[in-house]
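Data first, discussion second: the structure below is written as structure tokens.
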Amino acid sequence: MYGYYPFYREGIEDFSYRLQNIINLILDNDLPAVEKIEYVTVQKIKKLLLIISSLSPYSPNITRLSEDIESNRNATLKYLVYLQKAALLRLLPQSHTTMSAMSKPEKIFLDNSNLLYTLTTDTNIGNVRETFFANQLSVNHRLTAPEKGDFLIDGKYIFETGGKSKTYEQIRNIENSFIAADDLEIGYGNKIPLWMFGLLY
């Protein structure tokens, strides 16, 4: 809910309000200055962020998203990249592709879990876990979407996120596969406590 941005130390009561103000500042001032976009484009990007926030993590239908914000496919893909550059979204490409401005991401996350709590009222714990994991690992590693599991790290390690009772069923018999488990103090086997990935940042 709070803690990702340093101003939480000044008080948590108005944390979400302050974060919302920062999001608006990025979209209204910073983004137009850097990308030279017009007011109408900013409104489309805001609408896009709002839609994704209610669905994140989300496997996008770019055609549908484009219709929803009254845009075309190429422009929508460009807006997604803008939001990633602004550290509001995280785009996860398929494991066999490279992420470019014109390629559809396999999955879209909000950049961090504080954004998740600020921008949506229906926060799913599974979404929070995946968002946290993606945020922490992406600093020093390349994350892609594998055929099985939630994340492929550096083209080698498969991770599935879940609670402490999460089983290996989805990644059984896959080499270098692990579970990042929430509500777990000490790991065992190929199950690693989710909180430990916060030490990588």
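The values are calculated or read from the model by the stated rules, or taken from the named source; none is laboratory data. Only a predicted model underlies this, so the values are computations on that prediction, with no experimental measurement involved. With ideal geometry, Cβ positions are generated from the backbone for all residues, glycine too; neighbour counts draw on all protein chains shown.
Scanning the range 30-50 for residues that are part of a helix (DSSP H, G or I) and out of contact with any Leu (no Cβ under 7 Å at 6 or more places or on another chain) yields a total of 13.
Glu70 meets the conditions (1) exposed (fewer than 13 other Cβ atoms within 10 Å of the Cβ); (2) assigned to a helix (DSSP H, G or I); (3) of a type outside the set (S, T, N, Q) in every case but one. The failed one is (2). Across the range 186-201, the qualifying residues are those that are surrounded by 11 or more Cβ atoms within 10 Å (Cβ to Cβ) and among the small types (Gly, Ala, Ser), and the one among them that is nearest to Glu130 (Cα to Cα) is Gly198. So how many residues does the range 122-152 have that are under 15 Å from Ile52 (Cβ atoms), among the polar types (S, T, N, Q) and surrounded by fewer than 23 Cβ atoms within 10 Å (Cβ to Cβ)? Number of matching residues: 3. Kindly check whether there is at least one residue in the range 168-182 that is in contact (Cβ under 8 Å) with a residue 24 or more places away in the chain and of a type in the set (Val, Ile, Thr). Scanning the range 168-182, I find at least one residue that is in contact (Cβ under 8 Å) with a residue 24 or more places away in the chain and of a type in the set (Val, Ile, Thr), so the answer is yes.
Residues checked against (1) of a type in the set (D, E, K, R); (2) touching a residue at least 60 places away in the same chain (Cβ under 8 Å); (3) closer than 17 Å to Leu89 by Cα; (4) in the same structural domain as Ser59 (by TED's automatic domain parsing):
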position: Leu110; (1), (2), (3), (4): no, no, yes, yes
position: Ser113; (1), (2), (3), (4): no, yes, yes, yes
position: Leu116; (1), (2), (3), (4): no, yes, yes, yes
position: Asn127; (1), (2), (3), (4): no, yes, yes, no
position: Glu130; (1), (2), (3), (4): yes, yes, yes, no
position: Glu147; (1), (2), (3), (4): yes, no, no, no
position: Gly155; (1), (2), (3), (4): no, yes, no, no
position: Ile158; (1), (2), (3), (4): no, no, no, no
